[in-house]
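The values are calculated or read from the model by the stated rules, or taken from the named source; none is laboratory data. Quantities reported herein were computed from a predicted structural model and do not represent experimental measurements. With ideal geometry, Cβ positions are generated from the backbone for all residues, glycine too; neighbour counts draw on all protein chains shown.
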Amino acid sequence: MATVTKENIGLLHEKLTVKLEKTDYLPSFEKALKEYSKKANIPGFRKGMVPAGLIKKMYGPSLFTDEVLKSVDRELISYLQNDNLDIFAQPLPLESDIRQLDVNNPVDYTFHFEIGMKPSFQLPDLANAKVTRHVVKVTEEMIDNEVTRLQNRYGNMKDEENVASDDNVLNIVFTETDAAGNELEGGIKKDNSVLLKYFAESFRSKWIGKKVGDAEVAQLKDAFDDKEREWIISDLGLKDDASAAEKYFKIEITKIGIQEKRELNEEFFNQLFPNQSVVTEGEFRSKVKDEIQAYWNGQAMNQIHDQVFHQLVDHTNIEFPEGFLKKWVKTQGEVPKSDEEVEAEFPKFLSQLKWTLISDKIVQDNGIQVSPDEIRNFAKQQLFSYMGGANLSDDQPWVNDYIEKMMKD
């Protein structure tokens, strides 16, 4: 009869020893052999008529190993469940020699595993915790700025003959060159669309009055300031280092446009707030104000969540089986991590694990349950906030498809 024993080897760190007798695995092995012989297709033999000895010789070693290891797994799972052991991850096998498993010499076997036990802990009393709730009052200036932003965002693009202002949108082609402007063989060539104001101020004036087909040759470090240069370098597929900024490119205009602001009319209002009967500019501004207020209320709530998070994490003492967890982290991934890699990522891993334990305890202690509809509504609100909330409704098929994807993720 199989037995499982436990031995403490460190803080919340236990060693499990599983001992199997022959009678624990031989019956299932013999059954597996018989079942395999019934379905084996071997040239020269009718299906189901292959001699048992041949099946054992050809497939016995792998079937034998599988059945022994399955028996070990069954005993481990049964032991953990019956003793109500709450562990991290799964048992890690200690070094053992699988080569000892011999189908021609079945004997009693012993396997060793280590487990990391989840700790018991108490949450701090937050009754007297100080938490600040920020209240943002929406001003007319904030509404004006948001209305202007929406007018520009949903405006129509109009073609222009000349570059005239910082608000011009330039469709351009980047062609890698030498300092003299000669195109490099095998160099980078990439289309992009850039607002004139995204160019460095010292370089911007070169474009004023330019037409489609005109070009400038410049190093990226001269054409763009740091922030804009980073995403241009990324879009060009270059490494973000000093050498990338030194590269020369011919920047040629292929199209010049200007974003015309949308008129404040009922058509525009209904596009942004469908099925909400927004007719006048005053009603539109009221809706915009509500959107701004909802955004800042959400930001204030996020601040509260952040403060509560730190109250819980900073004032909850939890011990961990660090020796076990480091071994477990090392095994994650297609290639085992080095000791240096484990040490580098372990503090962040432990911090995330601590919050997982705290949040799980809050859910369990308070009997919190979240329904699928609540998850769906949360995902929908997240999507709407990402997209600015405007011009979105449940009636759009892609909205529901994207929400389903968010829920699965």
Leu264 vs. criteria outside any helix (DSSP H, G or I), within 37 Å of the chain's Cα centre (by Cα) and over 30 Å from Gly209 (Cα atoms): no
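Conditions (1) part of a helix (DSSP H, G or I); (2) hydroxyl-bearing (Ser, Thr, Tyr), marked per residue:
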residue	(1), (2)
Met1	no, no
Thr17	no, yes
Lys31	yes, no
Glu35	yes, no
Met49	no, no
Gly53	yes, no
Gly60	yes, no
Phe64	yes, no
Leu69	yes, no
Flag if Ser96 is among the small types (Gly, Ala, Ser) and modelled with pLDDT of 90 or more: no
Phe113 fails exactly one of the following numbered conditions: (1) part of a loop (DSSP other than H, G, I, E, B); (2) surrounded by 10 or more Cβ atoms within 10 Å (Cβ to Cβ). What is the number of that condition? (1)
Is there a residue in segment 271-278 that is in contact with a Leu (Cβ under 7 Å, 6 or more places away or on another chain) and either exposed (fewer than 11 other Cβ atoms within 10 Å of the Cβ) or not assigned by TED's automatic domain parsing to the domain that holds Ile172 (or both)? yes
Counting only residues that are part of a loop (DSSP other than H, G, I, E, B) and among the small types (Gly, Ala, Ser), which one in segment 196-255 is surrounded by the most Cβ atoms within 10 Å (Cβ to Cβ)? Ala200
What are the pairs with Cβ atoms under 8 angstrom where one residue, in segment 48-60, is surrounded by 14 or more Cβ atoms within 10 Å (Cβ to Cβ) and the other, located anywhere, is in a helix (DSSP H, G or I) and of a type in the set (A, V, I, L, M, F, W, C)? Sequence gap at least six, or different chains. Ile55/Leu33; Lys56/Leu33; Tyr59/Leu33; Gly60/Leu33
Residue within segment 274-287 that is outside any helix (DSSP H, G or I), over 18 Å from Asn168 (Cβ atoms) and in contact (Cβ under 8 Å) with a residue 60 or more places away in the chain present: yes
Does Asp373 fit the bill of being in a helix (DSSP H, G or I), under 20 Å from Glu319 (Cα atoms) and acidic (Asp, Glu)? no
Output for Cβ contacts, cut-off 6 Å, separation at least six or different chains, first residue in contact (Cβ under 8 Å) with a residue 40 or more places away in the chain in segment 204-229, second outside any helix (DSSP H, G or I) and of a type in the set (D, E, K, R), reads Val217/Lys250
Can Asp225 be described as in contact with an Asp or Glu (Cβ under 9 Å, 6 or more places away or on another chain) and modelled with pLDDT under 95? yes
Taking the criterion of being within 15 Å of Ile253 (Cβ to Cβ) and either more than 33 Å from the chain's Cα centre (by Cα) or surrounded by 14 or more Cβ atoms within 10 Å (Cβ to Cβ) (or both), would at least one residue in segment 176-188 satisfy it? no
Scanning for something assigned to a strand (DSSP E or B), modelled with pLDDT of 90 or more and over 30 Å from His315 (Cβ atoms), does segment 117-125 turn up at least one residue? no
Please work out if Lys247 is farther than 20 Å from Asn156 by Cβ, touching a strand residue (DSSP E or B) at 6+ places or on another chain (Cβ under 7 Å) and basic (Lys, Arg). yes
Would you confirm whether any residue within segment 285-293 is exposed (fewer than 14 other Cβ atoms within 10 Å of the Cβ), within 30 Å of Arg133 (Cβ to Cβ) and modelled with pLDDT of 95 or more? yes
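This table checks each residue for (1) on the phi < 0 side of the Ramachandran plot; (2) assigned by TED's automatic domain parsing to the domain that holds Ile251; (3) touching a Gly at 6+ places or on another chain (Cβ under 6 Å); (4) surrounded by 12 or more Cβ atoms within 10 Å (Cβ to Cβ).
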| residue | (1), (2), (3), (4) |
| --- | --- |
| Ala129 | yes, no, no, yes |
| Thr139 | yes, no, no, no |
| Ala164 | yes, yes, no, yes |
| Val173 | yes, yes, no, yes |
